[in-house]
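Single-structure report; data block below.
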Amino acid sequence: MDSRTCFSVSMIIFLAAIVVAHFHSSEAAVSKGSFEDNFSIMWSEDHFTTSKDGQIWYLSLDKDTGCGFQTKQRYRFGWFSMKLKLVAGDSAGVVTAYYMCSENGAGPERDELDFEFLGNRTGEPYLIQTNVYKNGTGGREMRHMLWFDPTEDYHTYSVLWNNHQIVFFVDRVPVRVFKNNGEANNFFPNEKPMYLFSSIWNADEWATRGGLEKTNWKLAPFVSSYKDFSVDGCQWEDPYPACVSTTTKNWWDQYDAWHLSGDQKMDYAWVQRNLVIYDYCNDSQRYPTAPEECSLSPWD
């Protein structure tokens, strides 16, 4: 690590204290439903456990398999939030995913909103990757550093989704803003209801340093933990729920939720300056012509 990197990491730690203090008093109220109230196990139920009171949920990964769960309900638009504590120590090759998807599997026409936490060698920072899919097309990755160690305590990861924007939050700090243009397009997912999922799995072919760092199975099992799931959204009912036409009666789809607030813009600007590792919109080798959505301003 060179002197510039040391300075950058030190500055991030210093600024983190400011951010944590600023947002500590504004933590949202959390619903306290049990796991069974909200979720179903997708696979490997023997790799899922809970705390004695049922409020903390654990997913484990070993050389045989990982584990995952999904909500019993689908939603179209709303606020979705969960607290996670990630795998500690040497987690290279391990991915903890927390995402929304319109299908139970990785179907060719799926819509999807991703948080992926990319493990690393001991002492190296976790990276957080976000992605947006519409009709099966993704390739809209961004990667960020975090301003804290996500393995030491629980932190809140949230998605705000309405017809105007999708905002990815970490501890109430907006780290990514994905805008709609108000027209029919091929980039903004706004038609299909989605389930919420989380899983832990092995991705050592790409997750850490492009696949150069492999999972050390001698350290298994790798465990991620979850609590305080909260959702305030339009719950789907076939063929259409009543709330589809009345979402603007909810705070998450009123004018103030269509844009970042003044304070959120300040925090978002800080994230952009200090924490962005990769942005597909700036990858001219991959996209010689920038995708259409890259021209939309997150500040509007």
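Local charge sum around residue 178 (other residues, Cβ-Cβ under 14 Å, Lys/Arg +1, Asp/Glu -1)? With Lys, Arg at +1 and Asp, Glu at -1, the net is -4.
Round to a whole angstrom and tell me the spacing of the C-alpha centers of the range 96-126 and the range 182-218. That distance is 3 Å.
Only helical DSSP H runs with n ≥ 4 go in: add -39500 (n - 2.57) per run for the chain, normalise by residue count and round the 222 nm mean residue ellipticity to 500 deg cm²/dmol.
The per-residue figure over the chain is -4000 deg cm²/dmol.
Residues in the range 168-182 carry Karplus couplings, in order, of 9, 10, 10, 6, 6, 9, x, 9, 8, 10, 10, 9, 9, 9, x Hz; the curve used is 6.51 cos²θ - 1.76 cosθ + 1.60 with θ = phi - 60°, and Gly or Pro positions show x.
Under 12 Å from the Cβ of residue 130, count the other residues' Cβ atoms, weight Lys and Arg +1, Asp and Glu -1, and hand me the total.
So the surrounding residues net to -2.
Relative to the Cα centre, what is the charge dipole magnitude of the range 90-183, using +1 at the beta carbon of each Lys and Arg, -1 at the beta carbon of each Asp and Glu, and rounding to the nearest 20 debye?
Values: 8 positive and 14 negative charges, 65 e Å.
Dipole size: approximately 320 debye.
Taking the Cα centre of the chain as reference, the dipole from Cβ charges on Lys and Arg (+1) and Asp and Glu (-1) amounts to some 320 debye. In the range 166-275, the portion of solvent-accessible area held by carbon and sulfur atoms comes to 48 percent [1.4 Å probe, whole percent, DNA, RNA and ligands not counted]. For the residue pairs 52/265; 85/134; 72/214; 85/265, the C-alpha atoms sit more than 31 angstrom apart in 52/265; 72/214. In this structure, the amide hydrogen of residue 136, modeled 1.01 Å from its nitrogen in the peptide plane, lies closer than 5 angstrom to those of 110, 111, counting only residues at least 5 positions away or on a different chain. For the listed peptides 159-166, 218-225, 122-129, a ranking on the average number of other beta carbons within 10 Å per residue, highest first, reads 159-166, 218-225, 122-129.
Contact order normalised by length for the chain, with contacts defined as Cα pairs under 8 Å and 6 or more residues apart; what percent is it? Walk me through the intermediate numbers first.
On the way: 620 pairs, mean separation 75.1, N = 300.
Relative CO of the chain lands at 25 percent.
Each of 277, 289, 250 was placed along the dipole of the chain (beta-carbon charges, centred on the mean Cα), and the one lying farthest toward the positive end is 277. Around the amide H of residue 141, modelled in the peptide plane, lie the amide H atoms of 280, all under 5 Å away and 5 or more residues distant in sequence or on another chain. Along the charge dipole of the range 33-293, which of 60, 138, 40 sits closest to the positive end, that is, farthest toward it, with unit charges on the beta carbon of Lys, Arg, Asp and Glu (+1, +1, -1, -1)? So the residue furthest toward the plus end is 138.
If you average 1/r over all unlike Cα pairs in the range 33-293 and invert the result, what Kirkwood radius do you get in angstrom?
Details: mean 1/r = 0.0526 Å⁻¹.
The Cα-based Kirkwood calculation yields 19.0 Å.
Please sort 74-83, 246-255 by packing, taking for each peptide the average over its residues of neighbouring beta carbons within 10 angstrom, highest first.
Working: 74-83: 21.8, 246-255: 14.0.
Answer by packing, highest mean first, reads 74-83, 246-255.
In the context of the full set of protein chains, residues of the range 33-293 present 44 Å² of accessible surface per residue (probe radius 1.4 Å, heavy atoms only).
Translational diffusion of the range 35-182 was estimated from the Stokes-Einstein equation, with Rh taken as the Kirkwood radius over Cα pairs; at 37 °C and 0.692 mPa s the coefficient is 199 µm²/s.
What is the sum of charges around residue 165, taking Lys and Arg as +1, Asp and Glu as -1, for the other residues whose C-beta is under 12 Å from the C-beta of residue 165? Around residue 165, the surrounding residues sum to -2.
With contacts taken as Cα pairs under 8 Å at a separation of at least 6 residues, the range 131-289 carries a relative contact order of 29 percent.
The values are calculated or read from the model by the stated rules, or taken from the named source; none is laboratory data. These figures come from a predicted structure and were not determined experimentally. Glycine gets a Cβ as well: all are built from the backbone with ideal geometry, and neighbour counts include every protein chain shown. For accessibility, only protein heavy atoms count, side chains too; no ligands or nucleic acids. Shrake-Rupley method; radii C 1.70, N 1.55, O 1.52, S 1.80 Å.
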